[in-house]
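Read the structure below first, then the notes.
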Amino acid sequence: MALPEWLSSRLSLPVVASPMFIASGPELVIAQCQAGIVGSFPALNARPSSLLGDWLDRIAAENAEYAAAHPAATVAPFAVNQIVHRSNDRLEHDMGVIVDHRVPIVISSLGAREEINDAVHSYGGIVFHDVIDNRFARKAIEKGADGLIAVAAGAGGHAGTQSPFALVQEIRTWFDGPLLLSGSIAHGRSILAAQAAGADLAYIGSAFLSTTEANVVPDYRRMIVDSGAADIVYSNLFTGVHGNYLRGSIIAAGLDPDNLPVSDPSAMNFGSGGNTEAKAWKDVWGAGQGIGAVTAEQSTAELVAALSAQYDRAYADLNAAVGRLPHRATTPAR
């Protein structure tokens, strides 16, 4: 289950920040990387498409400048998410920009394609593909993905329905490569739990919606802090793919969250549009079930520091608990 050394050695915490539509931009990605976790953004967030190269230049330059000025700091690499689906008419253009800029990590979603993987491998990059079940996981690896992101129940945005324990266990019966786990992870102990379950890294999104660097309106940030798992609604109405959304934002858009119609999956739309007048991500806000652990608006650096302290505390508690058990003397490797 080894991660590439160039990745594992550049992490202060075993976390990849997931790419979030609209919310993830250069400010958030740079702050995440400089806090020591992988920052990421969807290529589609750079609008118009001509901005994508500018964003990549800025992220690379500011991270390099920060690393030079703070030689003791752990500055993580960054990732770009590509929607690999026929509805994405920017895919060819954006992949050209990604190759030209030698983006170290590409996260592919909603379709595994060999030519995407080959393009990233041509310059030494790696591809993590997100999956919601074991069948899609096998297809992704067969087509050349380097690692998998298990998007389990409770994840924000487009999420699966399977328990993280079931999904990770099934994947680990045949795959020993890099595995990330997503689904309700917003606390340091949950990061450790993801590793104990068999994942290498935790994949965290919704908690970063509470940060000052996230490109969200103030009401969205506040709703993340004020909401919990009971405030998450699972629906495919807004993009054609099932996802988790904040109940309060659905109500504010004039819809009944308990009586949402089912959308036609063939009408997929993953940008700022959707299948209703209420637009996904812009009007109806995505979030995962773990947001009950988010109790304050804060900077990305503060959030990562809190997660790290929680992780260390959970690790120490687990060590102590294991030490009290008969014939048990090891804990998950950090």
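The values are calculated or read from the model by the stated rules, or taken from the named source; none is laboratory data. All values derive from a computational prediction rather than experimental measurement. Using ideal geometry, Cβ is built from the backbone for each residue, glycine included, and neighbour counts are taken over all protein chains shown. Please note that ligands, DNA and RNA were not included when accessible areas were found on the heavy atoms of the full protein model with its side chains. Shrake-Rupley method; radii C 1.70, N 1.55, O 1.52, S 1.80 Å.
Expressed as a whole number of Å, what is the distance separating the alpha-carbon centroids of the stretch 146-216 and the stretch 56-103?
That distance is 21 Å.
Find, to one decimal place in angstroms, the Kirkwood hydrodynamic radius of the stretch 1-108, where the mean of 1/r is taken over every pair of different Cα atoms and then inverted.
Kirkwood radius, the stretch 1-108: 14.1 Å.
Roughly what percent of Cα-Cα pairs across the stretch 84-221 reach past 19 Å?
55 percent
Where the only charges are on Cβ atoms (+1 Lys, Arg; -1 Asp, Glu), what is the dipole of the stretch 81-174 about its Cα centre, to the nearest 20 debye?
240 debye
Order these peptides, 248-257, 317-326, by their mean beta-carbon neighbour count within 10 angstrom, highest first.
Going by the mean number of other Cβ atoms within 10 Å, highest first, we get 248-257, 317-326.
In nm², what is the average projected area of the convex hull enclosing the Cα atoms of the chain?
Hull-based average projected area comes out at 16.7 nm².
Please report how far the C-alpha centroid of the stretch 114-143 lies from that of the stretch 18-51, rounded to the nearest whole angstrom.
When both Cα centres are located, 21 Å separates them.
Can you give the charge dipole size of the stretch 7-72 about its Cα centre, rounded to the nearest 20 debye, using +1 on the beta carbon of Lys and Arg and -1 on the beta carbon of Asp and Glu?
180 debye
Based on Cβ point charges of +1 for Lys and Arg and -1 for Asp and Glu, what charge dipole magnitude is obtained for the chain about its Cα centre, in debye rounded to the nearest 20?
Rounded to the nearest 20 debye, it is 720 debye.
If I compute solvent accessible area with a 1.4 Å probe over the protein chains, what percent of it on the chain is carbon and sulfur?
Heavy-atom surface of the chain belonging to carbon and sulfur, 1.4 Å probe: 52 percent.
Can you tell me the relative contact order of the stretch 1-58? Whole percent, Cα pairs under 8 Å, sequence separation 6 or more.
Details: 59 pairs, mean separation 18.8, N = 58.
Relative contact order, the stretch 1-58: 32 percent.
Compute the distance in nm between two label points, each set 7 Å from the Cα along the Cα-to-Cβ direction, one at A196 and one at A309.
2.2 nm
Hey, for a label at S49 modelled as a point 7 Å past Cα toward Cβ, could you say which residues of the stretch 79-102 have their backbone N under 11 Å away?
88-97
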